[in-house]
Amino acid sequence: MSIESIQNSIPDYAKDLRLNISTLAGEEILTAQQKWGTFYSCALAAGHADLIVAIENLVTAEMTPEAMNAARSAASIMAMNNVYYKFVGMMGESYQTMPAKLRMNVIGNPGVDKLDFELWSLAVSAINGCQYCVQAHEAKLVQSGFSREQVQAGVRIAAVVNAIAATLTGEDARGQSADLAQQAA
């Protein structure tokens, strides 16, 4: 699987996404594991099945099985945390002092470099729109030596992968709608 095959699935009206994914695939400010783990965790978070498979096939040659599992873990744990902490952030002080009482052990022992996992968690949190989690993960990355440009690169990947997933989901719906209209005729 290649970036080109993903680009070929993107309709002409979204050609900017084709250009952006190509640029981001060549991004050199992140390590290979950081970059491809961000692509993979974000594809999982964005939830379009064909895109998940395409990116998984692409990153299999770029990542260890342990890193791929950690990227899956980042998408999974952030799916839970982003809902919980978005709620806490919306509700304010009375809930901020309460313990979450949710298991999050993978954050402490993700099976890869913790900063890589932080980057993936940040990118997934950006997709899921959790301001609290985005701020917490960004602060940890910057305090640990990540540059703002590296953080931005991760979020740029999140933005493009999410946009591709949304575009492909829309195209799938259009195709289903056309099929239904044809069957009804």
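Pairs are defined by a Cβ separation below 8 Å, a sequence spacing of at least 6 or placement on different chains, a first member in the range 154-165 that is in contact (Cβ under 8 Å) with a residue 40 or more places away in the chain and assigned to a helix (DSSP H, G or I), and a second member that is surrounded by 23 or more Cβ atoms within 10 Å (Cβ to Cβ) and among the charged types (D, E, K, R); the pairs so defined are ILE157/LYS35. The residues of the range 24-51 that are part of a helix (DSSP H, G or I) and farther than 21 Å from ASP116 by Cβ, listed by number, are ALA49, ASP50, LEU51.
Counting only helices (runs of 4 or more DSSP H) wholly contained in the range 52-108, the ones carrying 3 or more residues that are closer than 18 Å to GLN33 by Cβ and aliphatic (A, V, I, L, M) occupy 65-91. Residues that are surrounded by 15 or more Cβ atoms within 10 Å (Cβ to Cβ), out of contact with any Lys or Arg (no Cβ under 9 Å at 6 or more places or on another chain) and charged (D, E, K, R) were ranked within the range 4-49; the one that is modelled with the highest pLDDT is LYS35. Return the only residue of GLY47, GLY37, GLY92 being of a type in the set (Gly, Ala, Ser) and more than 18 Å from the chain's Cα centre (by Cα). Unique residue meeting the criteria: GLY92. Regarding the range 114-137, can at least one residue be identified that is at pLDDT 90 or above, in contact with an Asp or Glu (Cβ under 9 Å, 6 or more places away or on another chain) and β-branched (Val, Ile, Thr)? Checked against the condition, which is being at pLDDT 90 or above, in contact with an Asp or Glu (Cβ under 9 Å, 6 or more places away or on another chain) and β-branched (Val, Ile, Thr), the range 114-137 yields no hits at all. Consider GLY154 carefully, then state whether it is on the phi > 0 side of the Ramachandran plot and out of contact with any strand residue (DSSP E or B) (no Cβ under 8 Å at 6 or more places or on another chain). So GLY154 does not fit the description; no.
One residue stands out among those in the range 120-142 that are buried (at least 21 other Cβ atoms within 10 Å of the Cβ) and of a type in the set (Gly, Ala, Ser): the one that is nearest to TYR95 (Cα to Cα), which is SER125. When the range 63-94 is filtered for residues that are of a type in the set (D, E, K, R) and at pLDDT below 95, only GLU93 remains.
Looking across the range 55-67 at every residue that is surrounded by 21 or more Cβ atoms within 10 Å (Cβ to Cβ) and in contact (Cβ under 8 Å) with a residue 24 or more places away in the chain, the one that is nearest to GLN7 (Cα to Cα) is identified as ILE55.
The values are calculated or read from the model by the stated rules, or taken from the named source; none is laboratory data. This one's a predicted model, so the numbers in the text were calculated from it and none came from an experiment. Glycine also receives a Cβ, built like all others from the backbone with ideal geometry; neighbour counts cover every protein chain displayed.
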